[in-house]
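Quick note: the coordinates plus some simple rules give every number you see, no bench work behind them. Source: prediction; values computed, not measured. All Cβ positions, even for glycine, are placed from backbone atoms using ideal geometry, and neighbour counts span all protein chains on display.
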Amino acid sequence: MQNILQNVEAEQALLGCILVESDLIKELSLQPGHFSETRHQVIFKAMREVQKLGKSVDMVTTVTKLGDSVEQVGGLQYLTDLGSAVASTANFLAYQTLIYEAYRLREMKKIAIEFANTPTDDGITELYKRAMELQEIGIEKNRTKQDVLMEIYNDMHEEKEDITGINTGLIDLNAMTGGWQDGDLIVLAARPSMGKTAFALHMGKSNCEKGGVTDIFSLEMPDKQLTHRLLSNLGNIEGSKWKNPRKFFSDHDYGNATKAIGEYESWNINIHDQPAQTLADIRSKIRKTKKENPDNQKHLVIIDYLQLIRAIGKYERRDLEVGSITAELKEMARAFKIPIILLSQLSRAVEQRQDKRPMMSDLRESGSIEQDADVVMFLYRDDYYNKNSELKNIIEIDLAKQRNGPTGMIQASFIKEYGRFINLARQMDTGLVG
């Protein structure tokens with residue numbers, strides 16, 4: 001069992017490979033904590049620090065970085081032995097795989113012991129979640145050049161619809177994006193009362209109506225309130241009436257609500273409204289949905305909203321924490337092959353300008369958000385700021401960034417009472433816009 005949990009030989013071989021061929025460390029995803037021996041953790045940490053400085057990771061730079069701790073890891077002789085024992089660096093990635101395998105087993109044993117010592121119902125959920133997370137650590141999906149070229153070749157001869165991703169529910173937005181694409185992180189930002197939650201729910205509804213599955217992570221609003229909004233959208237029921245349906249509902253409202261409840265019940269939609277959800281919680285629930293549904297079913301994830309998410313660990317500044325969050329959400333989108341729509345607040349700087357249309361610089365902690373997002377959308381309603389505006393019930397959707405497509409602004413009708421968004425070309429047919 002000791003050899004399974006601690007592959008010391010693989011650790012030594014990998015460290016030796018780096019000392020022989022410095023650039024190999026750039027191809028590794030390992031971190032110091034993945035090593036079983038403390039001295040190997042210390043050596044690898046020193047190597048990573050040398051790499052971050054932009055220097056070559058060799059015997060001299062590693063020993064220099066280790067400083068006084070070099071004796072604690074076995075001295076110069078141990079490091080020399082590591083390098084001289086390497087006959088070839090060809091198998092260095094195989095060594096990394098063996099180190100990951102041992103690490104996963106050590107961690108699994110640790111969490112199993114923790115659960116055995118304090119078994120609880122919540123502990124079962126936590127054990128499952130952490131076990132699933134461990135399974136993904138160090139697992140790389142290898143696709144050859146031929147695999148990629150064959151996929152491209154097949155695409156060239158396959159007839160496709162205009163919408164290649166998940167339907168946004170708006171014709172003009174579909175035309176610009178082709179729908180929400182798998183692997184994309186989509187940031188939807190606006191000032192309060194602009195309608196960003198309603199817009200996100202509209203997109204979730206559109207996916208469900210097409211037979212897709214939607215996960216909504218609401219870190220602020222409870223599931224009942226979100227469901228009220230969706231039923232208002234479906235049944236053309238004024239949202240304020242849900243405060244006291246018995247008092248405010250007409251017979252027509254009751255009929256619409258009953259029909260809306262029946263339609264909503266048939267949807268494949270999950271609302272996760274626990275406050276203070278972590279990225280690990282979100283990842284675990286997405287994985288659960290993926291396992292419970294067919295691979296070919298369109299899966300959309302909506303997170304409301306970024307500023308309420310907290311990353312694990314301590315950060316010197318909030319912008320660094322936000323950078324960690326957006327980077328991990330982008331990684332989730334790619335790993336699960338789904339689009340993730342992330343709602344975000346805008347800074348109050350918008351309110352200080354005469355033109356209150358949002359700009360990229362208005363994103364709070366904007367640097368990392370702009371960098372990690374594949375799509376950045378802003379919502380703006382002129383009639384919110386200007387009561388005499390000619391753009392009554394019109395919302396502007398500014399596609400400020402799209403990594404693989406055009407940018408620009410489109411408009412849609414926004415019926416605030418019902419939380420509905422309607423293509424402008426259809427507004428006269430609906431009778432909802434005056």
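General remarks:
- Efficiency of FRET between residue 135 and residue 371 - r from beta-carbon atoms, R0 35 angstrom, step 0.05: 0.75
- Relative contact order of the chain, pairs being alpha-carbon contacts under 8 Å that are 6 or more residues apart, as %: 16
- FRET E, pair residue 278, residue 87, Förster distance 56 Å, beta-carbon r, rounded to 0.05: 0.80
- Difference of contour (0.36 nm per residue) and Cα-Cα distance, residue 154 to residue 291: 46.6 nm
- Residue-averaged [θ]222 nm for the chain, counting only DSSP H segments that reach four residues, each worth -39500 (n - 2.57): -14500 deg cm²/dmol
- For the pair region 333-406 and region 226-271, the centres of their Cα atoms are 29 angstrom apart.
- With Cα atoms, 0 to 90° folded angle of helix 251-266 axis to the chain main axis: 20
- Ordering of 243-253, 318-328 by packing [mean C-beta count within 10 Å, highest first]: 318-328, 243-253
- Column: log10 I(q)/I(0), Debye, Cα scatterers of region 18-157, q = 0.14 Å⁻¹: -0.82
- Segments 102-109, 388-395 sorted - mean Cβ within 10 Å per residue, highest first: 102-109, 388-395
- In region 171-430 the Cα-Cα distances spread across 5 Å bins starting at 0 as 1, 6, 12, 17, 19, 18, 14, 8, 4, 1, 0, 0 percent of all pairs.
- Labels on offer are (i) 82, 59, 45; (ii) 67, 44, 40; (iii) 85, 50, 50, and the one holding Cα extents along the principal axes in Å computed from this structure is (iii).
- Using only Cα coordinates, the Kirkwood hydrodynamic radius of region 232-314 works out to 15.9 Å.
- Highest-first packing order for the peptide set 188-201, 271-284, 214-227 is 188-201, 214-227, 271-284, based on the mean count of other beta carbon atoms within 10 Å.
- By the count of neighbouring beta-carbon atoms within 10 Å, fewest first, 17, 208 end up ordered 208, 17.
- Think of each Lys and Arg Cβ as +1 and each Asp and Glu Cβ as -1; about the Cα centre, that makes the dipole of the chain roughly 1100 debye.
- Whole-Hz Karplus values for region 234-240 come out as 5, x, 6, 10, 4, x, 5 Hz, taken residue by residue from phi with 6.51 cos²θ - 1.76 cosθ + 1.60 and θ = phi - 60°; glycine and proline positions read x.
- The Cα center of region 82-118 and the Cα center of region 209-225 differ in position by 39 Å.
- Cα-derived Rg over Rh, computed across region 324-386 with Rh taken as Kirkwood radius: 1.05
- Extension reserve of the residue 240-residue 347 stretch, reckoned as 0.36 nm per residue once the Cα distance is removed: 35.7 nm
- Nearest-ten-degree value, helix 196-209 long axis tilted from longest Cα axis of the chain: 90
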